[in-house]
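Have a look at the structure below, then the notes.
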Amino acid sequence: IPFGTVVEQGFLKAGTTLYDLSRKHQVKIRSDGTVKNESGEGSIHQLGALAQNASACNGWTYWYFEDENKNLVSIDQIREKIRQNMELAS
């Protein structure tokens, strides 16, 4: 599932900030499903790797958003909801 699906289906909006678990790094979601910060722009995986100075990163498990209570929630939970919706539709 491309991360852009999260924006297209309205789970998260463009402009939403994503954080790593320690809140040391953050990116903003763009309308096309890419993310951007002061280091550049790209996929959730590319910017997650850049934040960790790593060669690769699973952005789905690296990035989190804040819920209405300011708790961090993994974007991977949204991917699971999309998967479940797809299974129900088929």
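Which of (1) surrounded by fewer than 15 Cβ atoms within 10 Å (Cβ to Cβ); (2) in a strand (DSSP E or B); (3) not acidic (Asp, Glu) is the odd one out, the single condition Leu18 does not satisfy?
(1)
Which residue out of Ile44, Ile29, Ile75 is free of Cβ contacts under 8 Å to residues at least 40 places away in the same chain, open to solvent by less than 40 Å² (accessible area, probe 1.4 Å) and β-branched (Val, Ile, Thr)?
That would be Ile29, the only listed residue that is free of Cβ contacts under 8 Å to residues at least 40 places away in the same chain, open to solvent by less than 40 Å² (accessible area, probe 1.4 Å) and β-branched (Val, Ile, Thr).
Among the candidates Lys13, Lys36, Lys81, Lys70, single out the residue that is outside any strand (DSSP E or B), open to solvent by 40 Å² or more (accessible area, probe 1.4 Å), in contact with a helix residue (DSSP H, G or I) (Cβ under 9 Å, 6 or more places away or on another chain) and not aromatic (Phe, Trp, Tyr).
Result of the check over Lys13, Lys36, Lys81, Lys70: Lys13.
The values are calculated or read from the model by the stated rules, or taken from the named source; none is laboratory data. Everything numeric here is computed off the predicted structure, so don't read it as measured data. Counting neighbours? That spans all protein chains shown, and the Cβs are built from the backbone with ideal geometry, glycine included. To get the accessible areas, we keep the full protein, side chains included, count just its heavy atoms, and leave off ligands, DNA and RNA. Shrake-Rupley method; radii C 1.70, N 1.55, O 1.52, S 1.80 Å.
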